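Have a look at the structure below, then the notes.
The values are calculated or read from the model by the stated rules, or taken from the named source; none is laboratory data. Every value quoted in this text rests on a predicted model; they were computed, and no experiment measured them. With ideal geometry, Cβ positions are generated from the backbone for all residues, glycine too; neighbour counts draw on all protein chains shown. Please note that ligands, DNA and RNA were not included when accessible areas were found on the heavy atoms of the full protein model with its side chains. Shrake-Rupley method; radii C 1.70, N 1.55, O 1.52, S 1.80 Å.
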Amino acid sequence: MYVSMKKMLEDANEGYYAILAINCFNLETARAAISAAEDTKAPIILNVVQEHMVTHAKAELMVPLVKTLAEQSSIPVALNLDHGKDFKLIALAFRHGFSSLMIDASDYPYEENVRKTKEVVKMASTTNLSVEGELGNVGDANHYNSESFRKFFTNLNETASFFEETGIDALAISFGTAHGLYKDDVIPNLDFDLLKEIKQKTNKPLVLHGGSGAGDDNIRKAVNYGINKINIGADIFKAGKKCLINLLTTDPELDLFDLLMNMEKACKQAILHYINLSGSAGKAN
């Protein structure tokens, strides 16, 4: 089933579990995510990063691909534009049929963030699409520092008003995670007190960006304290890359078809691990 994130996240918020949003850019990564969710009866979100949509995973290609896979599945599947920063590109994703949109105007002052986010909410409301906004900044795991990153954390006092003034369905918050892969097996320190306070203040769906490498215990706690959507990309790509390297090292003559099929299986296994952490298994309805 091809759906918006709206009801997915409302249900997750009420049930205190999280739905995975997996970065996808082609048939294999999309099918790996949906297959893993199908096996566990979990709702699933497929993220296409704005940069990937521009350079490779074109909207006019990804929408029919994901729609076809979703319609062949019995679980809810949403297609979300991740970190949309350019309104023209967000509108492009909207026109081509993405079922959910993220507007990331977090680099701007609060008032401008509100204004830009409201523009996307207004557009999305014409077809009942869901919209995710962002307050605070999620940094780069490659430069992770638990103390210096605190200046990018979400301001608790802005969260409730941001929901009210923009009309968003979900809010991406910064409380210690980072995008990408951490160096030297670093596990980030998450500010669970901030997360709990934001949840208490808003009682709305909250989103964790940079779930890869955040640590299994951290993921479980984040879900328990109110995270309802978890973005995972780098760890899935890492699993696929590792599989390809191992196969080619063992047998450099392997056919490309076999390589891609095995890569898809490796990505699926990595996704299954995170589904089990998220609490979303068995929640498809």
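Quick check: is even one residue across segment 244-263 in contact (Cβ under 8 Å) with a residue 24 or more places away in the chain, open to solvent by less than 80 Å² (accessible area, probe 1.4 Å) and under 16 Å from the mean Cα position of the chain (by Cα)?
No, the conditions are met nowhere in segment 244-263.
Lys242: within 23 Å of Ser280 (Cβ to Cβ) and among the charged types (D, E, K, R), yes or no?
no
Please state which of the following conditions Ala234 fails to meet, knowing it meets all the rest: (1) within 18 Å of the chain's Cα centre (by Cα); (2) open to solvent by 90 Å² or more (accessible area, probe 1.4 Å).
Against the list (1) within 18 Å of the chain's Cα centre (by Cα); (2) open to solvent by 90 Å² or more (accessible area, probe 1.4 Å), Ala234 comes up short only on (2).
Assuming Gly136 fulfils every condition listed in (1) within 21 Å of Ala178 (Cβ to Cβ); (2) modelled with pLDDT of 95 or more apart from one, which condition is it?
Going through the list (1) within 21 Å of Ala178 (Cβ to Cβ); (2) modelled with pLDDT of 95 or more, Gly136 breaks only (2).
Would you mind stating whether Ala37 is surrounded by fewer than 18 Cβ atoms within 10 Å (Cβ to Cβ), modelled with pLDDT of 95 or more and touching a helix residue (DSSP H, G or I) at 6+ places or on another chain (Cβ under 8 Å)?
It is false that Ala37 is surrounded by fewer than 18 Cβ atoms within 10 Å (Cβ to Cβ), modelled with pLDDT of 95 or more and touching a helix residue (DSSP H, G or I) at 6+ places or on another chain (Cβ under 8 Å).
Answer yes if at least one residue in segment 143-160 is at pLDDT 95 or above, more than 25 Å from Val223 (Cβ to Cβ), among the basic types (Lys, Arg) and open to solvent by 20 Å² or more (accessible area, probe 1.4 Å), and no otherwise.
no
Looking at segment 47-68, can you tell me whether even one residue there is in contact with an Asp or Glu (Cβ under 7 Å, 6 or more places away or on another chain) and surrounded by fewer than 16 Cβ atoms within 10 Å (Cβ to Cβ)?
Checked against the condition, which is being in contact with an Asp or Glu (Cβ under 7 Å, 6 or more places away or on another chain) and surrounded by fewer than 16 Cβ atoms within 10 Å (Cβ to Cβ), segment 47-68 yields no hits at all.
Considering only segment 191-236, how many residues are out of contact with any helix residue (DSSP H, G or I) (no Cβ under 8 Å at 6 or more places or on another chain), in contact (Cβ under 8 Å) with a residue 12 or more places away in the chain and in a helix (DSSP H, G or I)?
Going through segment 191-236 one residue at a time, the tally reaches 4.
Take the residues in segment 17-33 that are open to solvent by less than 10 Å² (accessible area, probe 1.4 Å) and assigned to a helix (DSSP H, G or I), then tell me which one is nearest to Lys265 (Cα to Cα).
Ranking the qualifying residues of segment 17-33, first place goes to Ala32.
Just a yes or no: is a residue in segment 198-212 on the phi > 0 side of the Ramachandran plot, crowded, with 22+ Cβ neighbours inside 10 Å and within 15 Å of the chain's Cα centre (by Cα)?
yes
For segment 1-42, how many residues are of a type outside the set (A, V, I, L, M, F, W, C) and under 30 Å from Leu259 (Cβ atoms)?
So the count comes out to 11.
If a residue must be touching a strand residue (DSSP E or B) at 6+ places or on another chain (Cβ under 8 Å) and either open to solvent by 70 Å² or more (accessible area, probe 1.4 Å) or hydroxyl-bearing (Ser, Thr, Tyr) (or both), how many such residues does segment 70-84 contain?
Matching residues across segment 70-84 total 1.
Take the conditions touching a Pro at 6+ places or on another chain (Cβ under 9 Å) and surrounded by fewer than 18 Cβ atoms within 10 Å (Cβ to Cβ) and apply them to Glu14. Does it pass?
When the stated conditions are applied, Glu14 does not pass them.
With the structure loaded, tell me whether Val3 is hydrophobic (A, V, I, L, M, F, W, C) and touching an Asp or Glu at 6+ places or on another chain (Cβ under 6 Å) or whether it fails that test.
Judged against the criteria, Val3 is not a match.
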